[in-house]
Amino acid sequence: MGQSNFKKFDKIINEFIFSAARSGGPGGQHVNKTETKIELRWKFQLSEVLNQKEKDLISRKLTSYTNSKGEIIVSSSLTRSQKRNQEDCLKKLRDILDRAFYKAPPRKKTRPSRSTQLKDRKRREAHSEKKQGRKKVKL
């Protein structure tokens, strides 16, 4: 995996609230007795690590992940282990934040080369001649 776009992730881990719930999926009777689903909640507006500009960026770009209380909620019930589901939640949140803080490189303006311009012109002229040849002949 490449370089992370969100550098402060390790500093905000202390602000996360984890909760466990019963999970469906494979496991038979085991899933009816244990709480392996993990839900991660983060009130990013109350974060002491982020500045206001970053908070505004998150609230603007991640509206589909936030609830009415201003929390980002991520859950995982992928495995039968709380620890692995917790790690999966952290990975999901890191990926979400990386996408939010991604800055696309600036576009470099280019022009077609002279030879490409000539080829395009010849192609258009040939097409035009073909169409002209299909016209009705005037007598």
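Data table
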| quantity | calculated |
| --- | --- |
| Qualifying residue in region 61-74 (condition: out of contact with any Gly (no Cβ under 7 Å at 6 or more places or on another chain), farther than 27 Å from Thr34 by Cβ, surrounded by 14 or more Cβ atoms within 10 Å (Cβ to Cβ) and among the basic types (Lys, Arg)) | yes |
| Only listed residue being more than 16 Å from the chain's Cα centre (by Cα) and under 17 Å from Asp10 (Cα atoms), chosen from Glu129, Glu54 | Glu54 |
| When residues of region 36-53 are limited to those that are buried (at least 17 other Cβ atoms within 10 Å of the Cβ) and either free of Cβ contacts under 8 Å to residues at least 12 places away in the same chain or among the aromatic types (Phe, Trp, Tyr) (or both), the one farthest from Tyr102 (Cα to Cα) | Trp42 |
| Residue within region 80-90 that is polar (S, T, N, Q) and outside any helix (DSSP H, G or I) present | yes |
| Unmet requirement for Arg22, which otherwise passes all of (1) surrounded by 15 or more Cβ atoms within 10 Å (Cβ to Cβ); (2) in contact (Cβ under 8 Å) with a residue 12 or more places away in the chain | (1) |
| Subset of region 100-133 [in a helix (DSSP H, G or I) and in contact (Cβ under 8 Å) with a residue 24 or more places away in the chain] | Ala100 |
| Within region 4-26, tally of residues that are among the small types (Gly, Ala, Ser), modelled with pLDDT under 80 and in contact with a Ser or Thr (Cβ under 8 Å, 6 or more places away or on another chain) | 3 |
| Residue selected from region 38-83 under the condition among the acidic types (Asp, Glu) and touching a strand residue (DSSP E or B) at 6+ places or on another chain (Cβ under 9 Å), by the criterion modelled with the highest pLDDT | Glu39 |
| Residue tally, condition touching a Phe, Trp or Tyr at 6+ places or on another chain (Cβ under 6 Å) and not aliphatic (A, V, I, L, M), over region 30-54 | 1 |
| For Gln86: the one exception among (1) among the polar types (S, T, N, Q); (2) touching a Phe, Trp or Tyr at 6+ places or on another chain (Cβ under 8 Å); (3) at pLDDT below 90 | (3) |
| Filter pass, Glu35 being over 18 Å from Lys11 (Cα atoms), touching a strand residue (DSSP E or B) at 6+ places or on another chain (Cβ under 6 Å) and at pLDDT below 90 | yes |
| Residues of region 31-56 satisfying the condition of being in contact with a helix residue (DSSP H, G or I) (Cβ under 9 Å, 6 or more places away or on another chain) and assigned to a helix (DSSP H, G or I) | Phe44, Gln45, Leu46, Glu54, Lys55 |
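The values are calculated or read from the model by the stated rules, or taken from the named source; none is laboratory data. Just so it is clear, the structure is predicted and the values come from calculations on it, not from any experiment. As a convention, Cβ positions derive from the backbone with ideal geometry for all residues, glycine included, and neighbour counts pool all protein chains shown.
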